[in-house]
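To start, the structure itself, in structure tokens.
The values are calculated or read from the model by the stated rules, or taken from the named source; none is laboratory data. What you see is a predicted model, and the numbers here were worked out from it, not measured in a lab. Cβ coordinates were reconstructed from backbone atoms using ideal geometry, including for glycine residues, and neighbour counts include every protein chain displayed.
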């Protein structure tokens, strides 16, 4: 790495990923089902299908499973975690932390931080950067950061095709114990109102085409470029790249704009098969990429959260990956575990039928 | 409102935390502080692996109060690999896929909400078919 640029986020103690875990619910709603109900079966489809949580699933239960997978890979005791942080825009409670339930279930209580993070689709990477700080400052040996969502889409809206469910959990620890070292991070944030959900509102509002150029593309390209420039790297230095993925078109186009090939983004491009998992989207792309990565591989990850901002990370895979990746189910195994449902089952599962 | 009860049971419900008898090694679930095998005091905590198999099952179409929204659902007696038999809902499975002897694993899921949509969300163990290749 070249001399430190002051805008880069690099902790004084090097840190990395000790363990990671993914989760995707088993139900899938084909995009053709949404088109069948709302478009007379006509029109383009932004993805093939999206994941749908079961009746008994929410961000709490999904985070618990991803966290258990991360612990299985890390092989540390949950009581050694000093933070359990969950980023989401679908926390089951308006007031009462998701994180305390997750921490209790995995056995991390009581000597731990617990908090819920919010920043639309980048709530998970916000928690990740904070965990880097906590471990990097030597306040803690290990911290758990999760990004998980059961995303909302108004029936008939463009978002209904893609609003999926899933996410990932990461245990951050000292670099020398890690399966992938986080070399640096960079955050790029502005006030850009491309998408929001007001307090008490059931479904989000969005600026349609405004969510593209000034929001998604501006923030991701600025963050990724700044990270590469400040760290003296180019797309050729990375085997793999993962970008936030609200649909298939956006990450494919932003990769091209930045100079990454289709092959580089292929392992982490999950949106065609599970939909947009919001706070989980970029980081579950990373779990799928880590599943196939080899020691020495470099990965560029850039999230995007509406409102708006991006966190970019430069990650280098270590020898420990070979031993640890097989200790828990791989992301593609979750994707392959698939039960197709129709639109009627979907509206029931998502609570869109009112019984009173 | 049953807040104290939900709070008291959270460890066993979220993670199948029971007890092991320090005298005869019997694994105990749910925890009861007295060994059902040898009758002596048994307060040592023990986390079950969550692996087991379906011992018997039935499908509920007429649910008790608080569980109506989930019908139909299947309830099973699950024989844990450490010995105890527990009653739990099966999840991520259709009734026709269930059979006696089917290997299952514990997952933590939302059991129900206490009262209406303003009430506490209650989480706890359920079991699902082991659906992944060996890892």
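So which of A:133, A:156 is touching a residue at least 24 places away in the same chain (Cβ under 8 Å), over 20 Å from residue A:21 (Cβ atoms), assigned by TED's automatic domain parsing to the domain that holds residue A:83 and out of contact with any strand residue (DSSP E or B) (no Cβ under 9 Å at 6 or more places or on another chain)?
A:156
Can you tell me which residues in segment A:26-56 are surrounded by fewer than 24 Cβ atoms within 10 Å (Cβ to Cβ), in a loop (DSSP other than H, G, I, E, B) and within 12 Å of chain B (Cβ to nearest Cβ)?
A:26, A:54, A:55, A:56
Would you be able to say whether some residue in segment A:144-152 is within 29 Å of residue A:50 (Cα to Cα), surrounded by fewer than 24 Cβ atoms within 10 Å (Cβ to Cβ) and modelled with pLDDT under 95?
The answer is yes, given that some residue of segment A:144-152 is within 29 Å of residue A:50 (Cα to Cα), surrounded by fewer than 24 Cβ atoms within 10 Å (Cβ to Cβ) and modelled with pLDDT under 95.
Right, residue B:104: part of a loop (DSSP other than H, G, I, E, B) and farther than 26 Å from residue B:2 by Cα or not?
no
Restricting to segment A:313-337, what's the tally of residues that are within 10 Å of chain B (Cβ to nearest Cβ) and in contact (Cβ under 8 Å) with a residue 24 or more places away in the chain?
Count: 7.
Just a yes or no: is a residue in segment A:296-311 free of Cβ contacts under 8 Å to residues at least 40 places away in the same chain and surrounded by fewer than 23 Cβ atoms within 10 Å (Cβ to Cβ)?
Checked segment A:296-311: at least one residue is free of Cβ contacts under 8 Å to residues at least 40 places away in the same chain and surrounded by fewer than 23 Cβ atoms within 10 Å (Cβ to Cβ).
Could you check, for segment A:70-79, whether at least one of its residues is in contact with a strand residue (DSSP E or B) (Cβ under 7 Å, 6 or more places away or on another chain) and not in a helix (DSSP H, G or I)?
Yes - at least one qualifying residue is present in segment A:70-79.
Condition test on residue A:163, is it buried (at least 20 other Cβ atoms within 10 Å of the Cβ), out of contact with any helix residue (DSSP H, G or I) (no Cβ under 7 Å at 6 or more places or on another chain), within 24 Å of residue A:116 (Cα to Cα) and touching a residue at least 12 places away in the same chain (Cβ under 8 Å)?
Taking the combined requirement at face value, the residue satisfies it.
Going through segment B:106-135 one residue at a time, which ones are within 11 Å of another protein chain (Cβ to nearest Cβ) and under 10 Å from the mean Cα position of the chain (by Cα)?
Answer for segment B:106-135, where residues must be within 11 Å of another protein chain (Cβ to nearest Cβ) and under 10 Å from the mean Cα position of the chain (by Cα): B:106, B:107, B:108, B:124, B:125, B:126.
Kindly provide the set of residues from segment A:330-344 that are assigned to a helix (DSSP H, G or I) and under 18 Å from residue A:33 (Cβ atoms), ordered by number.
A:343, A:344
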